[in-house]
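Here the structure comes first, spelled out in structure tokens, and everything after it is commentary.
The values are calculated or read from the model by the stated rules, or taken from the named source; none is laboratory data. Worth saying up front: this structure is predicted, and the values here are computed from it rather than measured. Note that each Cβ is placed from the backbone with ideal geometry, even for glycine, and that neighbours are counted across all protein chains shown.
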């Protein structure tokens, strides 16, 4: 495989510093080859790189067939957990109008519960991410899913608006622990050439949860009290996933015995060390996730409300249109996540974000159910197509020892910063009115959900493009639990001399003809024959 992916000469070293990284990232965006950062360190502290030639897009069915039965098992459980998480979240978002009538509050007031849920998810992400990285992923996920189910039931029995907000806030704490755990468990078992495809499929658990919620909403009808039935369904779904996880062992990357476990203090100290060393990467990923969460929440959380109010569809029509919209999201995430394996993570995200921007007028202007369903399908194909790259992109950027904590924490912190998205859309739309053609003729005044969603989404698109275009990428990085040399390192060092020296950090030194030193993990080089 080496002869088809590595050029004759190494690439320039990985840039250090914000502006040099931005310049290198901009240049790489227009280079069809892929920069692979090696698991090695130059004498001057920089990281060596090689170029990878992108090959043809692989047959997705062949890639899926390469996943072992154990790998499939963990992938499907991770997908189920993320889908249940999304179902529980969208049970509120899809039924904003029903809940507003039930509690006698405005839609903006109900969307405050969404804001609180998203804000507090970051706390849960930190706690359960630490627990998963320190003591294994099995039992933190079990606790997560069982408590989520219990809180869905508690929501049903809330008799006041204040109780409702309190329960949904607590719900957000436990909801935050699912994402990082699920994607780490699911993707680290996957073959490297299938990561893009499986990343896209996994991310669409969020869209699948939306489709299932909209389908349940269609089935139960439009009566105000029917919202409780959907929460019962969500409770059963979450509890079932938790019980299934009890039956499975720890993942292969996560097997531990008592001698390997860390104390909470030791683990928190290592987290602090990681943040000291990776603070720039942490800030970048949080900014990326803030933009992406604004992107999805601004374009989808109020979509059913938009159909019911501005477009004057009934509950059944709005539910069908919402389901078709999110079907496009599922397909887009899977297809474009797979495409990113060849065309690169950032290049794929930038192209799909631009395409979704061009779709905004067609997304909000139609009036009939069929036209709205079609344009919603295409819009979410691109929105979630860009999102389909995110799980593997975050995993590849993550420090190896914190692959549960890092993606989950930066994702949830981004969620927290973007948490007002739905509330902003609802608040502005409820205060802004436009005139549209009424179903019985004449003009009627309606809340301006379409224009508000379009403007907010357009602003966010610009932010995403800036962050993605000038940001880092680690496409092709090993996701194993221990340090390993990328395939290209063999070619990079084949004409270098092994001095046998070690630098005090368990790294062996290589010297090139021009005197340039390169340090690679001693244990890895011994095991690889370099």
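Within region 160-169, is there a residue that is at pLDDT below 90, farther than 18 Å from residue 238 by Cβ and in the same structural domain as residue 207 (by TED's automatic domain parsing)? Spell out how you get there, then give the answer.
Let us first name the residues in region 160-169 that are at pLDDT below 90, namely none.
The answer is no; no qualifying residue exists.
So that you can scan it fast, the table gives a plain yes or no per residue for (1) buried (at least 18 other Cβ atoms within 10 Å of the Cβ); (2) outside any helix (DSSP H, G or I); (3) touching a strand residue (DSSP E or B) at 6+ places or on another chain (Cβ under 7 Å):
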| residue | (1), (2), (3) |
| --- | --- |
| 428 | yes, no, no |
| 444 | no, yes, yes |
| 452 | yes, no, no |
| 456 | yes, no, no |
| 459 | no, no, no |
| 463 | no, no, no |
Residue 284 meets each of (1) over 25 Å from residue 448 (Cα atoms); (2) crowded, with 20+ Cβ neighbours inside 10 Å with one exception, condition (2)
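Quick grid of which residues meet (1) within 21 Å of the chain's Cα centre (by Cα); (2) closer than 19 Å to residue 80 by Cβ; (3) surrounded by 24 or more Cβ atoms within 10 Å (Cβ to Cβ); (4) not assigned by TED's automatic domain parsing to the domain that holds residue 383:
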{"site": "111", "(1), (2), (3), (4)": "no, no, yes, no"}
{"site": "126", "(1), (2), (3), (4)": "yes, no, no, no"}
{"site": "137", "(1), (2), (3), (4)": "yes, yes, yes, no"}
{"site": "152", "(1), (2), (3), (4)": "no, yes, yes, no"}
{"site": "186", "(1), (2), (3), (4)": "yes, yes, yes, no"}
Scanning region 16-35 residue by residue, the ones that are within 22 Å of residue 279 (Cα to Cα) and either in contact (Cβ under 8 Å) with a residue 12 or more places away in the chain or in the same structural domain as residue 345 (by TED's automatic domain parsing) (or both) total 7
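Would you confirm whether any residue within region 206-219 is modelled with pLDDT under 80 and either buried (at least 24 other Cβ atoms within 10 Å of the Cβ) or assigned to a helix (DSSP H, G or I) (or both)?
If we filter region 206-219 for residues that are modelled with pLDDT under 80, which is where we start, we get none.
Looking through region 206-219, none of the residues is modelled with pLDDT under 80 and either buried (at least 24 other Cβ atoms within 10 Å of the Cβ) or assigned to a helix (DSSP H, G or I) (or both).
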The lone condition residue 98 fails out of (1) surrounded by fewer than 16 Cβ atoms within 10 Å (Cβ to Cβ); (2) in contact (Cβ under 8 Å) with a residue 40 or more places away in the chain; (3) in contact with a helix residue (DSSP H, G or I) (Cβ under 9 Å, 6 or more places away or on another chain) is (1)
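Take residue 67 and tell me if it is farther than 30 Å from residue 229 by Cβ, outside any helix (DSSP H, G or I) and under 23 Å from the mean Cα position of the chain (by Cα).
Working: farther than 30 Å from residue 229 by Cβ: yes; outside any helix (DSSP H, G or I): yes; under 23 Å from the mean Cα position of the chain (by Cα): yes.
Judged against the criteria, residue 67 is a match.
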Here the residues within region 317-364 that are under 10 Å from residue 385 (Cα atoms), crowded, with 24+ Cβ neighbours inside 10 Å and over 16 Å from the mean Cα position of the chain (by Cα) are 356
Some residue of region 54-62 being at pLDDT below 90, in a strand (DSSP E or B) and outside the structural domain of residue 335 (by TED's automatic domain parsing) = no
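Somewhere in region 161-171, is a residue outside any helix (DSSP H, G or I), surrounded by 23 or more Cβ atoms within 10 Å (Cβ to Cβ) and in contact with a helix residue (DSSP H, G or I) (Cβ under 6 Å, 6 or more places away or on another chain)? Give the steps one after another, and end with the answer.
Applying the first criterion (outside any helix (DSSP H, G or I)) to region 161-171 yields none.
No: zero hits.
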